[in-house]
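All remarks here apply to the structure that follows.
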Amino acid sequence: MKFDGSSMAHSGGAGIVLYPEGKEVAVLSFKLEFPCSNNTIEYEAYLIKFSTALEMAIKQLKVIGDSNLVVYQAKGSFSLKEPSLAPYKTLAQKMEERFSTFKIKHAQRSEKQYANKLAALGS
């Protein structure tokens, strides 16, 4: 699964691409109707991804994201410095635990062009 977020002054967008084994690729974009920072929108996209995967009964999840903050906080490499992101990080950790296998990888923006375009469409 790939995810990305796009932030603007008064709203944001999230793009998600799921590649479930043996099923059709799911492509989703969402518009968020509230002001959000880049870090907030990346977490929003990350959480939407989890919800979507759980609804699709996916048990093993490999995530690819270009957000250094989200990816390295999920890996435990970055500490939380923005108190406003604490609820996002806590919820993400709880959702990660619901999968039998969970892996996350950082990708350069060029590796995620499809999710980037979807996120921009949603905003």
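Pick from the range 1-20 the residues that are at pLDDT below 75 and not small (G, A, S): which of them is surrounded by the most Cβ atoms within 10 Å (Cβ to Cβ)? Of everything passing the filter in the range 1-20, D4 is surrounded by the most Cβ atoms within 10 Å (Cβ to Cβ).
Pairs please, first residue from the range 30-47 and farther than 15 Å from L91 by Cα, second anywhere and of a type in the set (K, R) and surrounded by 21 or more Cβ atoms within 10 Å (Cβ to Cβ), Cβ atoms under 8 Å, 6+ apart in sequence or on different chains. Sorted first by the residue in the range 30-47, then by its partner, the list stays empty.
The values are calculated or read from the model by the stated rules, or taken from the named source; none is laboratory data. Since the structure is predicted, the reported quantities are computational estimates derived from the model, not experimental observations. FYI the Cβ positions are ideal-geometry reconstructions off the backbone, even for glycines, and counts take in every protein chain you see.
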